[in-house]
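A short write-up of the structure that comes next.
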Amino acid sequence: AARNAVPDIEMMDRLSAAAPLGMSLYRPLGAAPNALRFKLFRLGGPITLSESLPMLERMGMKVLDERPYRIAPEGRAPIWMHDLGLLSATADAEVDALHGLFEDAFGYVFRGEIDSDDFNRLVVVARLPATEVTILRAYGRYLRQIGFALSQTFIEGTLAAHAGIAAELVALFKYRFDPDVVMDEAESVRRVSAIERALEEVDNLSEDRVLRQYLALILATTRTNFWRRDAAGGPRSFLSFKFDPSKVPGLPEPK
């Protein structure tokens, strides 16, 4: 139908050697609330399912089918369109709120700018941008460095299972360190108290331990480069924190 073809043509027309990838997440008319389709456009060559499937699964999507098409516009390199059927991990995937976050996240992962791991499920279940998921990923890696007993897989699953708390942890981090925010100590205490009340509802003791450790690490952080930019104005390729070691639970004694 023309109403489907025109947006696809516009997407293909925007592709270039500098930006060879295009995306469109949508829900077909009459589809179930968690049933989506994801169109991937690539200038020059196809995307194999072995490339895309792990990335999508780690974002909490089950891939049901793929319809590949090769389009050869006159005078241009061929374009491949992969129309994939997805089943979301959430019962009601609000596509209008999700598609921008999801497409940005997939692009970051596809280009190798962000790791492909189960932290990326937070894009879907917590509606967090991939760049903010990086905050929780970095704290998770630090937990492993200091010998935290629970595995990264368990940490990833805990955050996804408690997406609301994960989002509140990121919001607290941003409130404390965003240079454009004037932090009020009373508001900071209120936010911490709200997270602690939410933690009282976490029944699993190991999950509670993970989430409380995250909260403690954010409160132990004194500085971060999250908002620093490189010479080209883009985000830094690494994320760093400075901690007050006296406030980090379980930190090994220096040798």
**OP:** Calculate how steeply helix 185-199 sits against the longest principal axis of the alpha-carbon atoms of the chain, using the helix alpha-carbon long axis, and give the answer as 0 to 90 degrees to the nearest 10.
**Re:** 80
**OP:** For the range 91-211, give the percent of accessible area contributed by carbon and sulfur heavy atoms, probe 1.4 Å, rounded to a whole number.
**Re:** 47
**OP:** State in Å² the accessible area per residue of the range 39-177; use a 1.4 Å probe, count heavy atoms of protein chains only, and round to the nearest integer.
**Re:** 42
Original post:
From the residues Pro28, Ala5, Pro46, which one has its Cα farthest along the dipole of the range 1-55 in the positive direction, the dipole being from +1 and -1 charges on Cβ of Lys/Arg and Asp/Glu about the Cα centre?
Top reply: Pro28
**OP:** Kindly rank 32-38, 164-170 from highest to lowest mean number of other beta carbons found within 10 Å of each residue.
**Re:** 164-170, 32-38
**OP:** Would you mind getting me the FRET efficiency between Ala216 and Glu94? Use the beta-carbon distance for r and R0 = 25 Å, nearest 0.05.
**Re:** 0.15
Original post:
Could you state the number of Å between the C-alpha centres of the range 204-255 and the range 71-134?
Top reply: 27
Original post:
If you find the alpha carbon centre of the range 180-195 and of the range 1-62, how far apart are they in angstrom?
Top reply: 40
**OP:** Would you calculate the separation in nanometres between label points at Asp115 and Glu185, each defined as 7 Å from the Cα along the Cα-to-beta-carbon direction?
**Re:** 3.6
**OP:** Determine the gain in length on full extension of the stretch Ala35-Asp208; use 0.36 nm per residue of separation and subtract their C-alpha separation, reporting nm with one decimal.
**Re:** 59.1 nm
Subject >> the range 117-236: C-alpha gyration tensor shape, a/c 1.5 cut-off, then a/b vs b/c >> reply: oblate
**OP:** Taking the dipole about the Cα centre of the chain, with the C-beta of Lys and Arg at +1 and of Asp and Glu at -1, give me whichever of Val125, Tyr142, Met61 is farthest to the positive side.
**Re:** Tyr142
Original post:
Any idea what the dipole of the chain comes to, in debye rounded to 20, about its Cα centre with Lys/Arg Cβ at +1 and Asp/Glu Cβ at -1?
Top reply: 600
Original post:
Can you work out the FRET efficiency for the pair Leu251 and Ala198, with r the C-beta to C-beta distance and R0 = 35 Å, to the nearest 0.05?
Top reply: 0.90
**OP:** For every helix of n ≥ 4 consecutive DSSP H residues, a contribution of -39,500 (n - 2.57) applies; sum these over the chain, divide by its total residues, and give [θ] at 222 nm rounded to the nearest 500 deg cm²/dmol.
**Re:** -14000 deg cm²/dmol
Original post:
Taking R0 as 25 Å, what's the FRET efficiency between Tyr175 and Arg127 from their Cβ-Cβ distance, rounded to 0.05?
Top reply: 0.90
Original post:
If we sort 106-114, 130-138 on the protection proxy, mean other Cβ atoms within 10 Å, highest first, what's the order?
Top reply: 130-138, 106-114
Subject >> Cα-based Rg and Dmax for the chain, where Dmax is the largest Cα-Cα distance (Å) >> reply: 20.6, 69
Subject >> On Cα atoms only, tilt of 130-145 relative to the major axis of the chain in degrees >> reply: 50
Original post:
Once you charge only the Cβ atoms, +1 for Lys and Arg and -1 for Asp and Glu, what is the size of the charge dipole of the range 15-108 about its Cα centre, to the nearest 20 debye?
Top reply: 260
**OP:** Considering only Leu205, Leu98, Leu49, give the residue with the highest GNM mean-square fluctuation for the chain, with springs between Cα atoms whenever their separation is below 10 Å.
**Re:** Leu205
**OP:** Quickly work out the Asp244-to-Val63 label distance, labels modelled 7 Å from Cα along the C-beta direction, and quote it in nm with one decimal.
**Re:** 4.7
Subject >> Nonlocal Lys pairs with alpha-carbon distance under 21 Å, the chain (8 or more apart, or different chains) >> reply: 5
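The values are calculated or read from the model by the stated rules, or taken from the named source; none is laboratory data. Treat the numbers as computed from the prediction; the structure is a model and nothing was measured. Using ideal geometry, Cβ is built from the backbone for each residue, glycine included, and neighbour counts are taken over all protein chains shown. With ligands, DNA and RNA removed, areas are computed over all heavy atoms of the protein, side chains included. Shrake-Rupley method; radii C 1.70, N 1.55, O 1.52, S 1.80 Å.
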